[in-house]
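To keep things clear, I will list the structure first and then write my remarks on it.
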Amino acid sequence: MKRLLIKSLLILGAINIGITNSVQALEMIIGESYVKPGIDFIFEGAIKDHVMPLSQNLAEGKTDVHIEARVNWSAKGEVPKGTPRGGFIPYLKINAEVINQRTKETTFVTLTPHINLIDNFHYARNMSLPGKQDDKYTVTFYVDPPEISDVSLHKDWVDGHQAYFMKKQKFTYQDLDFEKIAKASRR
């Protein structure tokens with residue numbers, strides 16, 4: 001009986017790992033960047049998902065892409081002293097402008113903090129593409145630092161990194177093909 005239970009748990013674990021890995025494998029890396037004072041940005045097009053509360057998120061059935069920004073203290077690059085490598089960077093304002101390269105139709109989305117079991121904390125938004133799934137797109141991410149009223153800066157931070165958290169950033173990626181992601185499903 002004990003062996004059967006262990007075998008069952010191992011099989012279920014392998015199935016779960018397979019599902020998680022297959023979902024992760026279908027995330028599309030849009031682009032990556034490192035920004036001082038030690039922040040890694042990874043922008044992704046992920047498979048549509050059921051996100052709550054429903055009143056603030058596009059329904060999974062109406063979504064083409066779950067657009068994401070994973071923003072963390074750098075795992076490899078230089079980071080400020082005392083900073084937890086890989087830690088989530090909160091309080092950023094991130095917006096994405098998605099332009100259909102064929103029709104020039106444009107959609108703007110505001111990415112909000114999300115949490116899941118694959119990426120943990122990240123910024124994201126379910127969105128429908130401004131055109132056909134097989135069109136090519138240009139995506140520009142606009143990242144604003146926290147407002148002065150959102151984050152207080154201690155003297156040691158100001159002495160080491162100026163009187164701001166980070167500068168505004170703009171990242172543009174062209175010729176993006178979301179078709180594979182848009183047609184995929186998590187279930």
Exercise. Name the pairs: first residue in the stretch 169-187 and within 23 Å of Glu97 (Cβ to Cβ), second residue of a type in the set (Lys, Arg), Cβ to Cβ under 7 Å, at least 6 apart or on different chains?
Worked result: Asp175/Lys136; Leu176/Lys136; Asp177/Lys136
Exercise. Among the residues of the stretch 73-94, which ones are farther than 20 Å from Gly160 by Cα and surrounded by 15 or more Cβ atoms within 10 Å (Cβ to Cβ)?
Worked result: Phe88, Leu92, Lys93, Ile94
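Taking the condition under 28 Å from Lys136 (Cα atoms), touching a residue at least 40 places away in the same chain (Cβ under 8 Å) and hydroxyl-bearing (Ser, Thr, Tyr), does Thr112 pass? Break it down stepwise before answering.
Details: under 28 Å from Lys136 (Cα atoms): yes; touching a residue at least 40 places away in the same chain (Cβ under 8 Å): yes; hydroxyl-bearing (Ser, Thr, Tyr): yes.
Yes.
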For this session: Look through the stretch 138-160, keep the residues that are in a helix (DSSP H, G or I) and touching a residue at least 40 places away in the same chain (Cβ under 8 Å), and return whichever of them is farthest from the chain's Cα centre (by Cα).
Result: Gly160
Problem set entry | Hits in the stretch 12-51 (condition: under 15 Å from the mean Cα position of the chain (by Cα), aliphatic (A, V, I, L, M), modelled with pLDDT under 95 and not in a loop (DSSP other than H, G, I, E, B)) | Val23, Ala25
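Limited to the stretch 32-52, what total is found for residues that are more than 16 Å from Phe178 (Cβ to Cβ) and of a type outside the set (Ser, Thr, Tyr)?
Here is the first cut: in the stretch 32-52, the ones more than 16 Å from Phe178 (Cβ to Cβ) are 32-42, 50-52.
Now restrict to residues that are of a type outside the set (Ser, Thr, Tyr): 32, 35-42, 50-52.
Residues flagged as more than 16 Å from Phe178 (Cβ to Cβ) and of a type outside the set (Ser, Thr, Tyr) within the stretch 32-52 amount to 12.
The values are calculated or read from the model by the stated rules, or taken from the named source; none is laboratory data. A quick note: this is a predicted structure, and the numbers were derived from the prediction, not measured. So basically every Cβ, Gly included, is an ideal-geometry build from the backbone, and we count neighbours across all protein chains shown.
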